[in-house]
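In what follows, a single structure is set out as structure tokens and then discussed.
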Amino acid sequence: MTQEWEAGRLDSDLEGVGFDTLAVRAGQQRTPEGEHGEPLFFTSSYVFRTAADAAARFAGEVPGNVYSRYTNPTVRTFEQRIAALEGAEQAVATASGMSAILATVMSLCGAGDHVLVSRSVFGATVSLFEKYLKRFGVQVDYVPLADLDAWAAAFKPNTRLLFVESPSNPLAELVDIRALADLAHAKDAWLMVDNCFCTPVLQQPLALGADIVIHSATKYIDGQGRCLGGVVAGRSEQMKEVVGFLRTAGPTLSPFNAWVFLKGLETLRLRMQAHCASAQALAEWLETQPGIERVHYAGLASHPQHELARRQQKGFGAVLSFEVAGGKDAAWRFIDATRLISITANLGDTKTTITHPATTTHGRLSPEERANAGIRDSLIRVAVGLEEVEDLKADLARGLQAL
């Protein structure tokens, strides 16, 4: 810290306050300038009082900023706020959601370690493990997300980490997080949960027994499709290893993006409640439409894990997917017929988006890998934004007419 930042103070006493108050105020410190909003620290390096002060900070003997690759006050405020919302001891911000996964696995696993990954994960996550992490001797196997018996059977003596998305992208599959955490801990392994779809508003995996939680902050934490970023949170002993990786490898979150994410967190609960309400209405409507073969959304009673979702989540999220009659050609006709909804693979935006997972988010997977993940050519994913629900229905009706 600089002298000015050391002189800063907490804006208020946050002991025992609620989620929304943490989302607005956690982590912020005021400098002597007295700013009300979070300051933006645009600097690559920091000036030290003496050579001895510089040496002590570089050695980690005293706390303070060293270099913005791994210490920046704006980024630190974002990290502390996420840690508060997720109930973690510490959080570490990264340049993207994928770099959060990379940094965590590279920090906590090594050659010869075994990682179990759900089959129902984002396509780029599979590519990361298959094309890159395996090169460094990390062993990887894939398990059906909801099948606890399959998870138990897949353990090896060297299993170190379990990684899941729950809910999954794009089929909204779930796993019983508490039960899977118990399995992992019985085998002296860690459970890491991608909480991107729920955010800490709807689900707190650490409270359910998970060890590590990650986010693509690009999605709902930002909420308006502006910036890339990621964050990982857990116990301090684990996060110190992740900080060490950032310090050396440098997949660092920029201060500006951190500042944007802080603004996003201030409205996170309000946005998620609105997203969820609209997604529920659209899922129920789609389920009644001719040409729709199946709707995947945990808020529907027809979803096989609806009751599990009710138990471990405070809402069902804003991402739904559905299968249309006629395969890829029909799915593309449906997507191309829409006029209001944005054709893009991003999600978590105020603007509703639509995409064809088999040729976008999961397009780098082999046909066999897509089949194992349940990604059919007839599948369409919609990430519901904040527009009027009736306008979204009217736009999706254009897609239905094209089938």
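Every read-out reported here was derived from the displayed coordinates using simple, explicitly stated rules and does not represent laboratory data. The shown structure was predicted, so the numbers you read here are calculated from the model rather than taken from an experiment. Heads up, the Cβs are rebuilt from the backbone with ideal geometry, glycines too, and the neighbour counts pull from every protein chain shown.
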- Would you mind classifying the range 198-273 by shape? Square roots of the alpha carbon gyration tensor eigenvalues, ordered a ≥ b ≥ c; an a/c under 1.5 is rounded, otherwise it is prolate if a/b is larger than b/c and oblate if not. oblate
- Query: If each of residue 344 and residue 178 carries a label point 7 Å out from its Cα toward its Cβ, how far apart are those two points in nm?
  - Reply: 3.9 nm
- Item | In nm, spacing of pseudo-spin labels at residue 35 and residue 69 (7 Å Cα→C-beta vector) | 2.5 nm
- Residues whose placed amide H lies under 5 Å from that of residue 194, excluding near-sequence neighbours: 164, 165, 166, 214
- Can you tell which of 276, 132, 167 lies farthest toward the positive end of the dipole of the chain, using +1 and -1 charges on the Cβ of basic and acidic side chains (Lys, Arg; Asp, Glu)? 132
- Task: Work out the length of the dipole vector of the range 1-156 about its Cα centre, built from +1 on the beta-carbon of each Lys and Arg and -1 on the beta-carbon of each Asp and Glu, and round it to the nearest 20 debye.
- Result: 640 debye
- Task: Could you tell me which of 87, 45, 152 has its Cα farthest along the dipole of the chain towards the positive end, charges placed at Cβ (Lys, Arg +1; Asp, Glu -1), taken about the Cα centre?
- Result: 45
- Would you mind ranking 193, 92 so that the residue whose beta carbon has the fewest other beta carbons within 10 Å leads the list? 193, 92
- Treating the angle as unsigned and between 0 and 90°, give the value, to the nearest 10°, between the Cα long axis of helix 268-286 and the longest Cα principal axis of the chain. 10 degrees
- Message: Take residue 50 and residue 131, extend 7 Å from each Cα along the Cα→Cβ direction, and tell me the distance between the two endpoints in nm.
- Response: 5.2 nm
- Residue-averaged [θ]222 nm for the chain, counting only DSSP H segments that reach four residues, each worth -39500 (n - 2.57): -11000 deg cm²/dmol
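Quick check for the chain: number of Lys pairs with alpha-carbon distance under 20 Å, counting only pairs 8 or more apart or on different chains? Show your work: numbers first, answer last.
Values: 134/156; 156/187; 219/263; 219/314; 219/351; 263/351; 351/393.
Eligible lysine pairs with Cα atoms under 20 Å apart amount to 7.
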- Task: Can you grab the distance from the C-alpha centre of the range 201-279 to the C-alpha centre of the range 53-96, Å, no decimals?
- Result: 14 Å
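Considering only DSSP states other than H, G, I, E and B, which trypsin sites (Lys or Arg not before Pro) in the range 314-351 qualify as loop sites with at most 10 other Cβ atoms within 10 Å?
On the way: sites: 314, 328, 333, 339, 351; in loops: 314, 339, 351.
Sparse-neighbourhood loop trypsin sites (Lys or Arg not before Pro): 339.
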- Message: Just want the answer: with Cβ charges of +1 for Lys and Arg and -1 for Asp and Glu, which residue in 238, 334, 363 is farthest toward the dipole's positive end in the chain?
- Response: 363
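Nearest 20 debye, what's the magnitude of the dipole of the chain about its Cα centre given +1 on Lys and Arg Cβ and -1 on Asp and Glu Cβ?
On the way: 38 positive and 46 negative charges, 140 e Å.
I would put it at about 680 debye.
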